[in-house]
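*Asks:* Handing you this structure, nothing more for now.
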Amino acid sequence: MIRVVLMILALVALGLGLAPGTEALQTGDAPRQMRHFWHVFAAYALAWLLVFGWAASIARRLKRVEDRLDP
Amino acid sequence: MEKRRGRFQVKAEATRREASSHMTLRAVRWWGLSLGAVGVALTIVFHWQVFFWVPTEASMGIVQRIFYIHLPGAWVAFLAFGIVALCSAVYLWLGEEKLDHAALAAAEGGMVFTTIVLVSGPLWARLAWGTWWTWEPRLTLTLLLWFIYLGYFLVRNSTQNRDRGRKFAAVVGIVGALNIPLIHMSVLWFRSLHPQPVVARTDGPQLHPDMATTVFTALGAWTLVFLSLFILRYGTARLEARAERTSVDMGDPLSAEQGAVTS
């Protein structure tokens, strides 16, 4: 799990580093860029965590009602 | 003889409901999973656009990319609460149980996506404004929206009489949606720190074409993901209600009690 998260982080960092226009901002302000990167990553990670949480709760309910209707 | 016929009718009704349940389950699964598959595919495209393709905004830098999750989150939340208000209004008028189930499913989605908006906004604001939160009109009204729909769930489960709870919740669902136009117009009507609208403008989107493409892909992706989960949640609520009715018909008082507590 940790390996997957690290791989996603590396991929996202690489993508953001190579994105058009990013190089113009990298003028010796690496800590600031890292902070921006963490905020972007946190926003997307939390959003997906919430959506997956909702999906998981629906799946659990569906399984329960399926078992109840067709034991 | 009469008694036997009555028992046979109950059994036949239960069998018909069971067959209907299987059909509903199949249809719900098919539509939910089909829309979900397209939504996930579009989501992969949108993530590629956000992290590899779209140009970085000159003044804000990388953190501006939170916008591509913040704005679609807000749009989906408004869509969801719009569905809640519409279904609740028709439910109060016609009293059809399925409309209440649709409103409940949409309200859950609306809460999820409003939470996304309320989480992603401060993560951007900390770097853009230097503060996580400020009590300016749009932020305050969005937080109020979240609390109104939290109230929707609390009111729903606050009474032993399930029908009354549903009716109270429907009223909250309608009142809450009145907040949506206020949230949208707040940046124009009041002095606000929040950026002005860049997409929903009368003169068209004021964005770089690549940024506009990314925003519209994200809007499509999240709308489909929401609709997929909404359909699955709605179908689950329908099946739960049907299972409950079947249990009551078969004379299982415990399941009727459980249903009253969980729905």
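The values are calculated or read from the model by the stated rules, or taken from the named source; none is laboratory data. Predicted model only: the values in this text are computed from it and were never measured. As a convention, Cβ positions derive from the backbone with ideal geometry for all residues, glycine included, and neighbour counts pool all protein chains shown.
Residues checked against (1) at pLDDT 90 or above; (2) more than 22 Å from B:V119 (Cβ to Cβ); (3) of a type in the set (S, T, Y):
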{"residue": "A:L6", "(1), (2), (3)": "no, yes, no"}
{"residue": "A:G17", "(1), (2), (3)": "no, yes, no"}
{"residue": "A:T22", "(1), (2), (3)": "no, yes, yes"}
{"residue": "A:D29", "(1), (2), (3)": "no, yes, no"}
{"residue": "A:Y44", "(1), (2), (3)": "yes, no, yes"}
{"residue": "A:L49", "(1), (2), (3)": "yes, no, no"}
{"residue": "A:W54", "(1), (2), (3)": "yes, no, no"}
{"residue": "A:S57", "(1), (2), (3)": "yes, no, yes"}
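*Asks:* Starting from region B:149-171, keep only residues that are under 12 Å from B:S88 (Cα atoms), then list their pairs with residues that are surrounded by 14 or more Cβ atoms within 10 Å (Cβ to Cβ) and of a type in the set (V, I, T) whose Cβ atoms are within a distance under 7 Å, requiring at least 6 positions of separation or different chains.
*Replies:* Qualifying pairs under 7 Å: B:Y152/B:V172; B:F168/B:V155; B:A169/B:V155.
*Asks:* Regarding B:W48, is this residue within 14 Å of another protein chain (Cβ to nearest Cβ) and either modelled with pLDDT under 85 or under 21 Å from the mean Cα position of the chain (by Cα) (or both)? Write out each step before concluding.
*Replies:* Values: within 14 Å of another protein chain (Cβ to nearest Cβ): yes; either modelled with pLDDT under 85 or under 21 Å from the mean Cα position of the chain (by Cα) (or both): no.
It is false that B:W48 is within 14 Å of another protein chain (Cβ to nearest Cβ) and either modelled with pLDDT under 85 or under 21 Å from the mean Cα position of the chain (by Cα) (or both).
*Asks:* For region B:106-117, does any single residue satisfy the condition of being among the polar types (S, T, N, Q) and facing another protein chain (nearest Cβ under 9 Å)?
*Replies:* Among the residues of region B:106-117, at least one is among the polar types (S, T, N, Q) and facing another protein chain (nearest Cβ under 9 Å), which makes the answer yes.
*Asks:* A follow-up question, please. Pairs only if they're at least six apart or on different chains, beta carbon under 7 angstrom, first in region B:33-58 and under 17 Å from B:R233 (Cβ atoms), second in a helix (DSSP H, G or I) and small (G, A, S); list them, first residue then second.
*Replies:* B:L35/B:S228; B:G36/B:S228; B:G39/B:A221; B:G39/B:S228
*Asks:* Looking at (1) more than 21 Å from the chain's Cα centre (by Cα); (2) closer than 30 Å to B:W48 by Cβ; (3) more than 14 Å from every other protein chain (Cβ to nearest Cβ), which is the one condition that is false for B:H208?
*Replies:* For B:H208, the failing item is (3).
*Asks:* Quick check: anything in region B:217-235 basic (K, R), at pLDDT below 90 and either buried (at least 16 other Cβ atoms within 10 Å of the Cβ) or not in a helix (DSSP H, G or I) (or both)? If you could, list the steps in order and put the result at the bottom.
*Replies:* Step one: of region B:217-235, the residues basic (K, R) are B:233.
Next, from what is left, pick out any that are at pLDDT below 90: none.
So far as region B:217-235 goes, no, none of its residues is basic (K, R), at pLDDT below 90 and either buried (at least 16 other Cβ atoms within 10 Å of the Cβ) or not in a helix (DSSP H, G or I) (or both).
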